[in-house]
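Undergrad: Sharing a structure, written as structure tokens. Questions coming.
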Amino acid sequence: MATAAIGDYAFEPKDTLDKFHGNQLLYIGWEDHLMFCAPLAFPFPPAMPFKAILEQVLPGAYGAHPEFAKVDWSKAEWFKSGKPWRPDYEKSIGENGLKHKDVIRFRSPGLTGIKGTCS
Amino acid sequence: MSNVFIAFQANEDSRPVIEAILEDNPGAVSNASPAMVRIDCEGQLVIRRESIEARVGRDFDLQEIQLNLITLTGHLDEDDDQLTLSWKQ
Amino acid sequence: MDMEASKKKLGLKERYNHLTRGLDWETSYQPMEKVYPYTRYEGIKIHDWDKWEDPFRLTMDAYWKYQGEKEKKLYAIIDAFAQNNGHLGVSDARYINTLKLFIQGVSPLEYMAHRGFAHVGRQFDGASARVACQMQSVDELRHAQTQMHTVSNYNKYYNGMHNWRHWHDRVWYLSVPKSFFDDAMSAGPFEYVVAISFAFEYVLTNLLFVPFMSGAAYNGDMGTVTFGFSAQSDESRHMTLGLEIIKFILEQDPANVPIVQRWMDKWFWRGYKVLTLVSMMMDYMLPKKVMSWKEAWEIYGEQNGGALFNDLARYGIRKPKGWEQATIEKDHLSHQAWATFYNYGAAALFHTWTPTEQDKDWLSEKYPASFDKLYRPRFEHWEEQAKQGKRFYNTTLPMLCTTCQIPMLFTEPTDPTKICYRESDYKEEKYHFCSDHCKEIFDHEPEKYVQSWLPVHQIYQGNCFNPGVDPTAPDFDPLRAVLDFYKMNFGRDNFDFEGSEDQKNFAQWHGEGA
């Protein structure tokens, strides 16, 4: 539906890829760990290897959780826009087919948060 | 029928108004919480000028209650003699 | 010459009719639709503007008289407050943080409401509608001013209140109330009054002001109780008008019903999302608690709103679509909201803390279905970490909902352990939402919300640094640069209440030493 307006009503989207200085946005959520209140937003260069997220980014972002050190990346289950998805850790973010403002989440089987409460 | 309600600041100006409402509306129930009094009544609630005047001993303009009003629900109708709150169904 | 002396003063109804009917006229050398050009494009059909009536029938003479009395009463108390060290009277310095949130998030909306009603007070074709909106415009300006005056007394002694106007346009969490009002202001006049007068003032404002002012009273805050109740006395009139507006529009033409219903769906949800801040204020920020968010929702939402929508059913109006979800979420909203501010307490302009033992017991009692099971372990873990000197702060910016702009903190209505993710594709771009209802609002008017100024995205685009800051410098700290851009007094306005200047000062003023 169009917005009811007194004239033409069309605007440039505020968050297109070209505005992020060579980065694209990627949102990442850790299932069952709501101590982190919401998924996180990151600006990444598309050529960055996916494994750099696991090795260099997420430890800083999620390391405060007592279970983060126990995450086994070889067993992690991934979802993209809510559907099962399998990233190739060796390939780049772009090569994994991730586009600007895509949302991915991972589940770490066996880890269910503080006292098993998904916190 | 649903309840209508009206709430006033708990102070000396409101006291005669609240007393008048409770007397004029037999189903009305008052609830006090910090600094305020809420009056609930099923279906309809009436505030009558004469009942307030009988308590304060002077002419009373019903619009004066706006000074101490906090909130209300229901359809409102006001003239010089009374203010009515009601639900139609 | 004989003149018949008037027998009796005019009655209320006659006085009101003279003001709103007798003083108006139809233009002759310009068509009415050119004089009032904004009242047709939204699709609302009005056949008889004279059917619009303020049920209080307030005339200008009475308006000025009573508003003047309210002001005298208010300022007498503000003077007494300042002369008697009113800032010391509150239950605890933690309480002050509710005032910070209020002046940062709510008072600027009062000012926006003043502007909004001034605008529609010019645009409506009917004189009684214009009079009512102009009175409300003056009321809202009064609210903004009295709140500033009252809070200025606290600003002399506590942090986090000195630059609220600057913050309102920039700070991440304040984009939630700001974008809510900007959305309403940029709509047409009918949508604006349905949004603000009906959905916000009538349906939701009780949830904001009544428990908050009662809470202020209970926590010894004489200043806020006074401005709050003074504003609330106007609010009763605004609420009544909100209901009259809806009845007026619905009774004018059956074609108006579906348009109004969609606005109710949208604006109930937009307003409810803003009240997320109020829920945590009630459950976590008041040291002495009055009622829980859940209880407030049950009384003012379920019972009171239920009665209202029951009554409106005769027009073919049903409850807003998000109603059931709000009812389901009442067990979770405040906990999830406070946990979010605890996460991002380094970037907030008020203090956060973990609930005390007494608080936790109160929360368990008020939230038997959710607090012990889901939220107590989270807060106790944080408490434990803080005791070891490792107070948890989330250092990565969150993903935001495109519509309400709140971090994606809300869980699925069917499962409070799963974050609710929704998305839409529009013209090659992806957009994300916290709920079905926020998604639906976007999907209906995507061109409006592609313009959302999402703070996290703006930061990553480099738009939230001070001029002259070099993001390529080797020692560049982006988060610190953003807080400088906010004009935050780093280390005083932010971080945990424990160890804050507010806490130390309050203890010292009460002779407990630093």
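Just so you know, all these numbers are worked out from the coordinates, no wet-lab data involved. Just so it is clear, the structure is predicted and the values come from calculations on it, not from any experiment. Ideal geometry is used to build each Cβ from the backbone, glycine not excepted, and the neighbour counts take in all protein chains shown.
Undergrad: Hey, what's the Kirkwood Rh for the range C:333-426 if you take every pair of different alpha carbons, in angstrom?
TA: For the range C:333-426, the Kirkwood estimate is 14.8 Å.
Undergrad: Over 15 Å apart: what share of the alpha carbon pairs of the range C:411-514 falls there, rounded to a whole percent?
TA: Roughly 76 percent, once rounded to a whole number.
Undergrad: From other protein chains only, count the Cβ atoms within 10 Å of every residue's Cβ in B:38-45, then give the mean.
TA: 1
Undergrad: Continuing with this model, one more query. State the answer as a single residue: which of C:Ser91, C:Phe102, C:Ala76 lies farthest towards the positive end of the charge dipole of the range C:1-125, with beta carbon charges of +1 for Lys and Arg and -1 for Asp and Glu, about the Cα centre.
TA: Result: C:Ser91.
Undergrad: Same structure again: Based on the alpha-carbon gyration tensor of the protein assembly as shown and its eigenvalue square roots a ≥ b ≥ c, which shape applies: rounded if a/c is under 1.5, prolate if not and a/b is larger than b/c, or oblate?
TA: Note, shape of the protein assembly as shown comes out prolate.
Undergrad: Sorted from fewest to most neighbouring beta carbons within 10 Å, what does the list C:Asp493, C:Asp502 look like?
TA: C:Asp502, C:Asp493
Undergrad: So what is the orientation-averaged projected area of the range A:17-116, using the convex hull of its C-alpha atoms, in nm²?
TA: Taking a quarter of the hull surface, the average projection is 6.2 nm².
Undergrad: Taking other Cβ within 10 Å of each residue's Cβ, how do C:Glu512, B:Glu78, A:Glu67, B:Glu50 sort, fewest first?
TA: Least crowded to most crowded, the residues run C:Glu512, B:Glu50, A:Glu67, B:Glu78.
Undergrad: Same structure again: Beyond 28 Å between alpha-carbons counts as too far, so tell me which of A:Lys14/A:Lys80; C:Lys178/C:Lys390; C:Lys45/C:Lys70; C:Lys100/C:Lys418; A:Lys115/C:Lys319 fall in that bin.
TA: Beyond 28 Å: C:Lys178/C:Lys390; C:Lys45/C:Lys70; C:Lys100/C:Lys418; A:Lys115/C:Lys319.
Undergrad: If exposed chymotrypsin sites (Phe, Trp or Tyr not before Pro) are those in a DSSP loop with at most 10 other Cβ within 10 Å, what is the longest stretch of chain C that has none?
TA: Here the longest segment lacking exposed loop sites spans C:30-514.
Undergrad: Grab the DSSP H runs of chain C that are 4 residues or longer, score each as -39,500 (n - 2.57), total them, divide by all residues and round the 222 nm result to the nearest 500 deg cm²/dmol.
TA: -15500 deg cm²/dmol
Undergrad: Which percent, nearest 5, of DSSP beta bridges in the range A:17-116 are antiparallel?
TA: 70
Undergrad: Give or take rounding to whole Å, what are the principal axis extents of the alpha carbon atoms in the range B:3-86, in descending order?
TA: In descending order, the Cα extents are 30, 27, 21 Å.
Undergrad: Just checking the output field for A:94-106: average partner chain Cβ neighbours within 10 Å of each residue's Cβ?
TA: 2
Undergrad: Take the alpha-carbon centre of the range A:1-60, take the same for the range C:290-356, and report the distance between them in whole Å.
TA: 28
Undergrad: Still on this structure, please answer the following. Spelling out what I want: for every residue of the range C:443-459, take phi, set θ = phi - 60°, compute 6.51 cos²θ - 1.76 cosθ + 1.60 (Karplus), and round to whole Hz; glycine and proline get x.
TA: 4, 6, 9, x, 4, 6, 8, 5, 8, 3, 8, 7, x, 5, 5, 5, 4
Undergrad: Using amide H atoms built 1.01 Å from N in the peptide plane, name the residues 5+ places from A:Trp85, or on other chains, whose amide H lies under 5 Å from its own.
TA: Long-range HN contacts for A:Trp85: A:Trp78, A:Phe79, A:Lys80.
Undergrad: Once amide H atoms are placed 1.01 Å from N in the peptide plane, what residues at a sequence separation of 5 or more from A:Gln24, or on another chain, have their amide H within under 5 Å of its amide H?
TA: A:Phe44
Undergrad: With the radius of gyration and the Kirkwood radius both derived from the Cα set of the range C:49-333, what is their ratio Rg to Rh?
TA: My calculation puts Rg/Rh at 0.96.
Undergrad: Tell me the relative contact order for chain C as a rounded percent, counting alpha carbon contacts under 8 Å between residues six or more apart.
TA: The value is 16 percent.
Undergrad: Taking amide H positions as placed 1.01 Å from N in the peptide plane, with prolines and chain starts having none, which residues 5 or more places from C:Ser186, or on another chain, fall under 5 Å of its amide H?
TA: none
Undergrad: I would also like to ask the following. In whole Hz, with x marking every Gly and Pro, tabulate ³J(HN,Hα) for the range B:65-74 from phi via Karplus 6.51 cos²θ - 1.76 cosθ + 1.60, θ = phi - 60°.
TA: Each residue of the range B:65-74 in turn: 5, 4, 5, 10, 6, 10, 6, 7, 9, x Hz.
Undergrad: Right, something else. Rounded to the nearest 500 deg cm²/dmol, what is the calculated helix-only ellipticity per residue at 222 nm for chain A, with -39500 (n - 2.57) per DSSP H run of length n ≥ 4?
TA: Dividing the helical sum by the residues of chain A leaves -1000 deg cm²/dmol.
Undergrad: Another one. Which one, C:Ser435, C:Phe392, C:Pro455, projects farthest toward the positive side of the charge dipole computed for the range C:376-479 from Cβ point charges (K/R +1, D/E -1)?
TA: After comparing all options, I get C:Phe392.
Undergrad: For the range C:293-385, run through the trypsin sites (Lys or Arg not before Pro) and keep only the ones in DSSP coil with at most 15 other Cβ atoms within 10 Å of their Cβ.
TA: C:Arg318
Undergrad: Å³ per residue of the Cα convex hull, for chain C?
TA: 198
Undergrad: Another question about this same structure. Can you say what percent of the DSSP beta bridges in the protein assembly as shown, counting only those with both residues inside, are antiparallel? Round to 5.
TA: Among the beta bridges of the protein assembly as shown, antiparallel pairing accounts for roughly 90 percent.
Undergrad: Go through the range C:426-493 and name the GluC sites (Glu not before Pro) that are in a DSSP coil and have 14 or fewer other Cβ atoms within 10 Å of their Cβ.
TA: The qualifying sites are C:Glu428.
Undergrad: Which pairs break 28 Å Cα to Cα here: C:Lys13/C:Lys65; C:Lys156/C:Lys294; C:Lys247/C:Lys321; C:Lys13/C:Lys34?
TA: C:Lys156/C:Lys294; C:Lys13/C:Lys34
Undergrad: Over all residues in C:232-245, what is the mean tally of Cβ atoms on other chains that come within 10 Å of each residue's Cβ?
TA: Taking all residues of C:232-245 together, the mean is 4.
Undergrad: In the range C:225-270, which GluC sites (Glu not before Pro) are in a loop and have at most 16 other Cβ atoms within 10 Å, using DSSP for the loop call?
TA: Passing sites in the range C:225-270 do not exist.
Undergrad: Under the Karplus relation 6.51 cos²θ - 1.76 cosθ + 1.60, θ = phi - 60°, what is the ordered set of whole-Hz ³J(HN,Hα) values for the range C:48-65, x standing for Gly and Pro?
TA: 9, 5, 5, 6, 6, 9, 7, x, 6, 6, 7, 9, 4, 4, 5, 4, 5, 4
Undergrad: For A:Lys51, give me every one of the aspartates and glutamates with a C-alpha distance below 12 angstrom, ignoring sequence neighbours fewer than eight places off in its own chain.
TA: Of all the aspartates and glutamates, those that pass the test against A:Lys51 - Cα under 12 Å, at least 8 places apart if same chain - are A:Asp88, A:Glu90.
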